[in-house]
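The values are calculated or read from the model by the stated rules, or taken from the named source; none is laboratory data. Please read these numbers as outputs of a predicted model, since none were measured by experiment. Quick reminder, even Gly has a Cβ in these numbers, built from the backbone with ideal geometry, and neighbours come from all protein chains shown. Side chains included, ligands, DNA and RNA excluded: accessible areas come from the protein's heavy atoms. Shrake-Rupley method; radii C 1.70, N 1.55, O 1.52, S 1.80 Å.
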Amino acid sequence: MHIAMISTPFVPVPPRDYGGTELVVYELVEGLIDRGHEVTLFGTGDSHTRAGLQALYPRSQWPPEPITDLNHVSWAMLQIAEGEYDVVHTHSAAALALARLVQQIPLVYTLHHVHEPTLSDYYQHFPDVHYVAISADQRRRETGVKRCTVIHHGLDPARYSWTDSPAPYVCFVGRFAREKGPHTAIDAAARAGVSIRVAGEVHPPNHDYFRSELEPRFLQPHVSFLGCIGTAQKVPLLRDARALLAPIEWQEPFGLILIEAMLSGCPAVSFGQGSVPELIEPGITGFIAGSMEEMAELIRPGGAVDQLDRRRVRARALRRFSRERMLLDYEALYQAVAQESGRADRRPITAA
């Protein structure tokens, strides 16, 4: 099939540091090429891909602005209208309205966001779009769509390594925002008497939280602040950590860092919000805690996380959250929507 993949204009593909959506886009694009598909990526000019790359913006445009996204997506849809594509897969809500101008090509749209009523109302205007929810929890909350397939994210396991002899620390990796719970992770580590390595960055809306809640905690002796890290730093950090802490305070649609940890053989310990109960298998790949105190008890030296088989943690993640599994799910959806629109691809698919 010839697939048009519309990424965001905010972060390159793959992302250098922060960028969960763009990492998933990279896995999809590269994996689809391996499986014999022709893919055109509409991203930023500083992206790196084996796909055909089309870019309006030479470099990623950060911070995100709606007008930038509209400009990027409208330009991409114009190029798509002038090309020959079997399916368009977008990761931007703006593409739904613009797809009215390209009605002959079926549109797949992956929901990457927490439930927002205004977006649900917007989605009701586009019943012909094929929606993808990234968790069953997200699907249950999304009231504006009828045709929606749940496809969990997947990553290339070859990028991650594991060890059965972890270092003494636990870690937190993520955006520095209250809903992500880095302050709770630091407090749980202190209560458990273990060191914690904290990696991430703060976005403009969260500066007050960062200054009041995190900067003072970073001065505590058990805390090592790593700043914003990329894959080269993240891989050994997760490999050697006793556990990843994710004490989230919101209905997170998918925790990509949780599966990165599990692919590294590192147990994940989180609160049971949003998609977490779908991702963590308690007592196998990690634990779901009900409070900061329970999280601290789980991660104390010699505690529950140390009893888990790290080889089994990785094996379960390979089975459930590999790139190959995600590719098969999306490929089946592409074939179904193309068949429905009369654009079914009859060329054989061969995995590299």
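Compute, for the chain, the length of the dipole vector about the Cα centre, with Cβ point charges of +1 (Lys, Arg) and -1 (Asp, Glu) only. Units Debye, rounded to 20.
Result for the chain is approximately 700 debye, rounded to the nearest 20.
Under 1.5 on a/c is rounded, so check that first for the stretch 136-242, then, if it is not, pick prolate when a/b is larger than b/c and oblate when it is not; a ≥ b ≥ c are the square roots of the alpha carbon gyration tensor eigenvalues.
oblate
Measuring from centroid to centroid over Cα atoms, what is the spacing of the stretch 207-226 and the stretch 264-322 in Å?
Going from one Cα centre to the other spans 25 Å.
Over the stretch 185-278, what percent of the accessible surface lies on carbon and sulfur atoms, probe 1.4 Å?
50
Probe of 1.4 angstrom, ligands and nucleic acids ignored: what's the accessible area per residue over the chain, in square angstrom?
Computed with neighbouring chains in place, this is 41 Å² per residue.
Whole-Hz Karplus ³J(HN,Hα) for the stretch 150-166, in order, using 6.51 cos²θ - 1.76 cosθ + 1.60 and θ = phi - 60°, x for Gly and Pro?
Each residue of the stretch 150-166 in turn: 8, 10, 5, 4, x, 10, 6, x, 5, 6, 10, 10, 9, 9, 9, 10, x Hz.
Using modelled backbone amide H atoms (1.01 Å from N, in-plane), which distant-in-sequence or interchain residues come within less than 5 Å of V132's amide H?
For V132, the qualifying residues are Y109, T110, L111, T149.
With springs only between Cα atoms under 10 Å apart, run a GNM on the chain and tell me which of D306, D137, D240 wobbles the most.
With Cα springs under 10 Å in the chain, the top fluctuation among D306, D137, D240 is at D306.
Counting only DSSP beta bridges with both residues in the chain, what percent are antiparallel, rounded to the nearest 5?
Around 0 percent antiparallel, to the nearest 5.
For the chain, what is the calculated [θ] at 222 nm in deg cm²/dmol (nearest 500), taking -39500 (n - 2.57) for each run of four or more DSSP H residues and dividing by its residue count?
Rounded to the nearest 500, the figure is -10000 deg cm²/dmol.
For the stretch 15-102, what does the alpha-carbon gyration tensor say about shape, rounded, prolate or oblate, given a ≥ b ≥ c as the root eigenvalues, a/c under 1.5 as rounded, and a/b over b/c as prolate?
Oblate.
Pull up all non-local amide H partners of Y169: gap of 5 or more, or a different chain, and H-to-H distance under 5 Å with H placed in the peptide plane.
R242
Share of the stretch 41-139's accessible area from carbon and sulfur, percent, 1.4 Å?
Carbon plus sulfur share of accessible area: 54 percent.
Provide the descending list of Cα extents for the stretch 103-183 along its principal axes, expressed in whole angstroms.
For the stretch 103-183, the Cα extents along the three principal axes come out at 54, 32, 19 Å.
Measuring from a point 7 Å past the Cα of R311 along Cα-to-C-beta, which residues in the stretch 147-180 have an amide N at less than 19 Å?
158, 160-167
Please report, in debye to the nearest 20, how large the charge dipole of the stretch 1-98 is about its Cα centre when each Lys and Arg carries +1 at its beta carbon and each Asp and Glu carries -1 there.
Around 120 debye, computed over the stretch 1-98.
Can you give the accessible area of E65 in Å² (nearest 10), computed on protein heavy atoms with a 1.4 Å probe?
90
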